[in-house]
Structures are given as structure tokens and as C-alpha cells.
Amino acid sequence: MDLKKCVAVVTGGASGLGEACVRLFAEQGAKVSILDLAEDRGEALAAEIGDDVLFIKTNVTDEGTVKDAVEETVKVFGALQIAVNCAGIGIPAKVLGKEGPLAMDDFDRVMKVNLMGTMNIIRLAGFAMKHNTPNEEGERGVVINTSSIAAWEGQVGQTSYSASKAAITGITLPVAREFAEYGIRVMTIAPGLFDTPMLRGLPDKVKESLARMVPFPSRFGRPGEFAMLARHIVENPMLNGTTIRLDAAIRMSAR
């Protein structure tokens, strides 16, 4: 698909990987809605980029606000062809911690934001895309989800996060098979260690240790590199129904 002719929604678009996608897509001529809870950052980003970027305060776990965001995007920009799911959280905790067993409220919160939030966008954005006029390739839309290498190599303390990300990888193919009938592709990116707000909060020594684990290039990924892959997925019609690891060959250790 041609980004110049597309409208996108990006969850978690006010920072990190999502912000990078918003910036690159807008730079390439797309119209973009930022779906995020961070109102100040989202509105500032939209104002910085210009009239073709809209901020809509959205809780991805809430069906009503997601539905409203999709409808507002279509109303303002005329259509919706791309959905990028970048909203996500992680709450580190052992299953058997010093304070006792894992709090199921924390497990549930991670699953709601990461998995249910992703599914909310897939189904509601997908429903909007279903009504698009197909392009010359027969495409009506593209959905890009964010998993993680923790889906395969979750470390101690990442049970909730790994479960949610493995589930996102797991739904990619069946949804792509279903959406093929409508000309909507579904892909997932599984980033490794990226320079995002989630990792920036770690102590410097921990970050340095993690960076040394990456074979090449031996550094954290840059959000712009994630956005580059998202752009390629949009533009390459043969990419469908799979998860691409974007990880510089890292395989995470147990701890």
C-alpha cells in the first residue's frame, strides 16, 4: 500500500515505538491518528507534526473509547487503511515472589493492555477497513501488531509480559487467514531490546549489561528502525500472517 494514500491509527503513538511510526508515516504522506492516554505528549506531537496528525485520548482496553477513536479517524480523514498496535506495559514479578504468589490483578492488567488492547484495535479497525475500496492489489488494509522476543525467551519475572506477547504472536496467523477474505493483511513485529521509555527506566549498569548481550549491532534498537520495518510491511503486499523478529540476533538468557 502507498502511505501517501493511507490513513493510520497508532496505539501508544505518543512515545517510543509508536511515536516513531507516527513520525515516519506522516513524513511519508500518511494521515495519522495517535491513540494514547498520554494527553499532553500526544497533543504536543500532533501539533508539532501538523494538520495531518490527530490525537485522540484512547484507553485500548475499553471498547467504547477504541470504537470512538476509529470512528473519529474515519470521520476526520475519510477512511482507515492501517492500524499499528504499539500500546503495551510490563509489570516485572516472579510467580513466587518474596511477598507470596504473583498478584493476579497485575497479571490481568498486563494481559488486558497488551492482548485485549491489541485485539480491540484488530477487530474494530478491521471492521472499518472491511468497507474500504480495494487498491489494485485487492488490499483494503494492514494491521501491524507488536509482540516481543520475550514471547519465546521470557526471562525470570516476565511471566505476564511473555504470556501476553506470545498470545499476540499466536493470533497473528488465524486473524490473517480470516481477514484474507477482505484483503486485509495482518503482521506482527517482535522487537528485541529497544531504546523505549520501558527500558530507559532501568539503572545504567543494567542497560549496559543488556546492550552487551546483543550480538550485532551491540546496542539497543532505535525506535526509528522499528518504524522502518512497519513501513516496509505496509508497502510489501507479500508480507502477511507471520511475526518478524527485529532483534540483532539476540537470544535472551534466563535472567
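We did not get these values from a lab; they are worked out from the coordinates using the rules stated. This one's a predicted model, so the numbers in the text were calculated from it and none came from an experiment. No Cβ is skipped: glycine too gets one built from the backbone with ideal geometry, and neighbour counts run over all protein chains shown.
For the range 3-246, the relative contact order is 20 percent, taking Cα pairs closer than 8 Å that sit 6 or more residues apart in sequence and dividing their mean separation by the residue count. Sequence-ordered 3J(HN,Hα) estimates for the range 177-182 from the Karplus curve with 6.51, -1.76 and 1.60 and θ = phi - 60° stand at 5, 5, 6, 4, 4, 9 Hz, glycine and proline given as x.
To check you understand DSSP bridge types, tell me what percent of the beta bridges within the chain (both residues inside) are antiparallel, rounded to 5. Could the numbers behind the result be given before it?
On the way: 2 of 31 bridges.
Percentage antiparallel, nearest 5: 5.
Gain on full extension, evaluated as 0.36 nm per residue between Val156 and Glu72 minus their Cα-Cα distance, stands at 26.1 nm.
Just check the range 50-187 against the gyration tensor rule for me: Cα atoms, a ≥ b ≥ c as the square roots of the eigenvalues, rounded for a/c under 1.5, and otherwise prolate or oblate depending on whether a/b exceeds b/c. Intermediate results must be reported in sequence, preceding the final value.
Values: a/c = 2.94, a/b = 1.83, b/c = 1.60.
Prolate, because a/c is 1.5 or more and a/b exceeds b/c.
All other residues whose Cβ lies under 11 angstrom from that of Val10 are scored, Lys and Arg at +1 and Asp and Glu at -1, for a net of -1.
At a Förster radius of 25 Å, what calculated FRET efficiency corresponds to the Cβ-Cβ distance of Arg222 and Ala103, to the nearest 0.05?
On the way: r = 34 Å, r/R0 = 1.36.
That pair, Arg222 with Ala103, gives E of 0.15.
For Ile89 and Met116, the difference between the fully extended length at 0.36 nm per residue and the C-alpha to C-alpha distance is 8.5 nm. About its Cα centre, the chain has a charge dipole of approximately 820 debye under the convention of +1 per Lys or Arg Cβ and -1 per Asp or Glu Cβ, with nothing else charged. Positive contributions from Lys and Arg (+1) and negative ones from Asp and Glu (-1), summed over other residues with Cβ under 13 Å from the Cβ of Asp68, come out at -1.
Estimate the FRET efficiency between Asp51 and Ser253 by the formula 1/(1 + (r/R0)^6), using the beta-carbon distance for r and 41 Å for R0, to the nearest 0.05. Before the final figure, lay out each step's value.
Numbers: r = 47 Å, r/R0 = 1.15.
So, using R0 = 41 Å, E works out to roughly 0.30.
Near Val156, within a Cβ-to-Cβ distance under 9 Å, what is the net charge of the other residues, with Lys and Arg +1 and Asp and Glu -1? Walk me through the intermediate numbers first.
Details: positive: Lys94, Arg255; negative: none.
That sum, taken over residues with Cβ under 9 Å, equals +2.
Cross-link partners for Lys31 among the lysines, with Cα-Cα distance under 25 Å and sequence neighbours closer than 8 places in the same chain left out: Lys4, Lys5, Lys57, Lys67, Lys75, Lys130.
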